1. Which is surrounded by 20 or more Cβ atoms within 10 Å (Cβ to Cβ) and on the phi < 0 side of the Ramachandran plot, of Ser76, Ser116?
2. Identify all residues within region 79-94 that are over 20 Å from Leu189 (Cβ atoms) and part of a helix (DSSP H, G or I); write none if there are none.
3. Which of the residues spanning region 615-645 are acidic (Asp, Glu), outside any strand (DSSP E or B) and touching a residue at least 12 places away in the same chain (Cβ under 8 Å)?
4. Among (1) at pLDDT below 90; (2) in a helix (DSSP H, G or I); (3) under 30 Å from Tyr605 (Cβ atoms), there is one condition Asp225 misses while meeting the rest; what is its number?
5. Select from region 456-504 the residues that are under 25 Å from Ala356 (Cα atoms) and charged (D, E, K, R) and list them in ascending order.
6. Restricting attention to region 390-412, does a residue exist that is at pLDDT 90 or above, part of a loop (DSSP other than H, G, I, E, B) and among the aliphatic types (A, V, I, L, M)?
7. Mind listing just one residue for me: the one in region 456-498 that is among the acidic types (Asp, Glu), part of a loop (DSSP other than H, G, I, E, B) and surrounded by 12 or more Cβ atoms within 10 Å (Cβ to Cβ) and, of those, nearest to the chain's Cα centre (by Cα)?
Amino acid sequence: MSDSVNPNIKKVGEIFAQYRHRKGWNRQRLAKKVSDEITVSTIALLEQGKRLPSGNLLSEIADCLEIPESTSSVFSHSGYLEAMEFQVQLGEFLGKSVHLDDLDEVSQKMAIEAISLLLCRGMSLEQAYSHFNSILTFYGEKSVSRDFFRHFLGEGNFSSVEDFKRKVKEFQEIAIRIYGSFRQAFKVLRSAPDIRVELAPLKAVDEILFTKRRPFFSVENIPADRLDDLGYISAERIRLDHRERQGLSTKLHQFAQWLKEHPEESAHGYAQVSLKNFRRIQTLLRHFDSPLEIEDTLFSSIDAEAVEKEAIHIAPKDSDLARIQETQEMGLRNLAAYLTEPHMDIYIATSMRERADFISVNAFVTDLFQDSAISHLNLRYFNPTQSWVADRVAKGLVEALILKRSKISIYMAQKTDTFGKDSEASVSLGQGKPVIVYVPKLLDLENKIDSEELMKMADHQLQDLGVALGIDLEEGGEGASLATQILTHQLQGLPQESLIKIIDKHWADFDLYGELKDLELSQRENVESYLNLLTLEEKKESSFLDSLVAKILIEKLVQVALFFEKRAKTFKEIHPLALQVILSSGVLNGILVVRSAGACARVVYELLTNTIKTTLIVDEHNYKLIEENTGSTLRVISKHKLLTNAFWTQYFAD
């Protein structure tokens, strides 16, 4: 028998202890006065709320302490404990605490007998329905409808308290999806004219509603190498580069002409004539890494033809601006397609400033909607890397409109968040829409590298893995430290070809260019040159990864991977966006955290078809509805009584 405290036994024990203290007896004296069958341990366990003596022994103790028979008969009833356990579950079902303390002892005993009778096998559905409503009367609760009883309780669900508890949990799992409190759910549903109408938001959606649509081919695909032409910052950078090249080319032509006209003069002479132009030429030549060197000394000389040749070489290509204009026109056509599309299912919330952002977002969106879980659904989705509008105000209005129309928002968790992206996720949650947060991870299935799975391991499991891999782990290491050592070892042990594939796959998601800022200049230039070769130039099988560059990139991959693991945990547990109140209902709406395009596709399918699988977890402070695939908290109801009372008396107040 368990020695844990049972609140119902504790309640009885406190009454018995109170009467014992009135007598001025200790436990030993009471035990001697009752009978030989009663030990000090029996009385101690009773008063501590750990064990209830049999009905006869309890009555003997009560008689000895002169506890009124009307009171003791309630506690000594053979069905008392079972009735109290049932009462706890009934409170969960009704969404409020219930007790029989306000009733007289006779009525309490009748209630216990009624509960005991309900828990006996053999009642028909109609009998159980009537009897359940009679029990509700003891607790001052209105009767439930037949439809309600049949739907949520049904026949044969009172064979034990455990059966009733199971049905209560099923009711709570349904209630928490739609209502802000279990009390509200019970009050609405117990007398609803048609429960099916109330539960319609949970009805599965036939995928034919999506598959019967025409395919979504109205958006032109903008190639990956042109995506950053649509970025305000990157496009402006190209325009600035164009203007600076044009300016430098013009100045070099002028300088070459001056040298031709003054063959006896040195560069020093030109510097004296136009010091401002000369300094500007020097600055821009260094900026564009020009091999042409011009010194402003008396002894410096330079060939006019060399200057002329460099002026031609460094001149901007008008094709760059023409390409940008052409790409932006494609983006405008795509915008028109998005705005005129009669359906809109998915909104991608992200921020895009650098080339890596565009590549990362577009690659994820492409992988997501090509996944077999949803590729057949003909979904409409807003891919921000394929749309463009010049006016920033118009851009904001476009995003607000599509966000409002979309059924689901997918929030891309990059290394840094932005006010706009956070606002979009918050608005979606406030409208009661699902928000999926995608957090990248270091993944290579072929070589069994998975930062997410690694961080799920306990410290002793990481230690065991380290031993299996032959790694000399640091003593006393734990968590992230152990994972860092293991990931580094795994990457260092890969063939160069495999490592290059991993770098190529992750550079954009991990923004490896941005990770190089803290390196010394020579190292940064070497690593940037390699990344440029890998990401900008046409791939070459002979691409060689220098050992120092490889070491730096491995270090950065691991650092960012562990950073994203921390981000994923933050989004699941403590991020301010993790729970938002649905403005229309007061229900707490949570985010779903995914770590891959494939996992995201499965969640999208289940959300759109309303087939998502959940589990109700109850802890000390909250009822949490957990989405099974991601382990994310989808809904929450607080156990804080004052907060709950205040919320539901004031939230909808005028």
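The values are calculated or read from the model by the stated rules, or taken from the named source; none is laboratory data. The structure displayed is predicted, hence computed values, not measured ones. Note: ideal-geometry Cβ built from the backbone for every residue, glycine included; neighbour counts use all protein chains shown.
1. Values: Ser116 fails: surrounded by 20 or more Cβ atoms within 10 Å (Cβ to Cβ).
From the options Ser76, Ser116, the qualifying one is Ser76.
2. Residues of region 79-94 over 20 Å from Leu189 (Cβ atoms): 79-88.
Listed by number, the residues that qualify are Tyr80, Leu81, Glu82, Ala83, Met84, Glu85, Phe86, Gln87, Val88.
3. Within region 615-645, the subset acidic (Asp, Glu) is 619-620, 627-628.
After this cut, where a residue has to be outside any strand (DSSP E or B) as well, the list is 619-620, 628.
Matches in region 615-645: Glu620, Glu628.
4. (3)
5. Passing the criteria: Glu497, Lys501, Asp504.
6. Within region 390-412, none of the residues are at pLDDT 90 or above, part of a loop (DSSP other than H, G, I, E, B) and among the aliphatic types (A, V, I, L, M).
7. Applying the first criterion (among the acidic types (Asp, Glu)) to region 456-498 yields 459, 464, 472, 474-475, 478, 497.
This time we only want the ones that are part of a loop (DSSP other than H, G, I, E, B), so: 472, 474-475, 478.
Cutting the leftovers down to surrounded by 12 or more Cβ atoms within 10 Å (Cβ to Cβ) gives us 474, 478.
Working: Glu474: 32, Glu478: 25 Å.
Of everything passing the filter in region 456-498, Glu478 is nearest to the chain's Cα centre (by Cα).
Results for (1) of a type in the set (Gly, Ala, Ser); (2) assigned to a helix (DSSP H, G or I), shown as yes or no for each residue.
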{"residue": "Glu170", "(1), (2)": "no, yes"}
{"residue": "Ile174", "(1), (2)": "no, yes"}
{"residue": "Arg177", "(1), (2)": "no, yes"}
{"residue": "Arg183", "(1), (2)": "no, yes"}
{"residue": "Phe186", "(1), (2)": "no, yes"}
{"residue": "Ala204", "(1), (2)": "yes, no"}
{"residue": "Arg214", "(1), (2)": "no, no"}
{"residue": "Phe217", "(1), (2)": "no, no"}
{"residue": "Glu220", "(1), (2)": "no, no"}
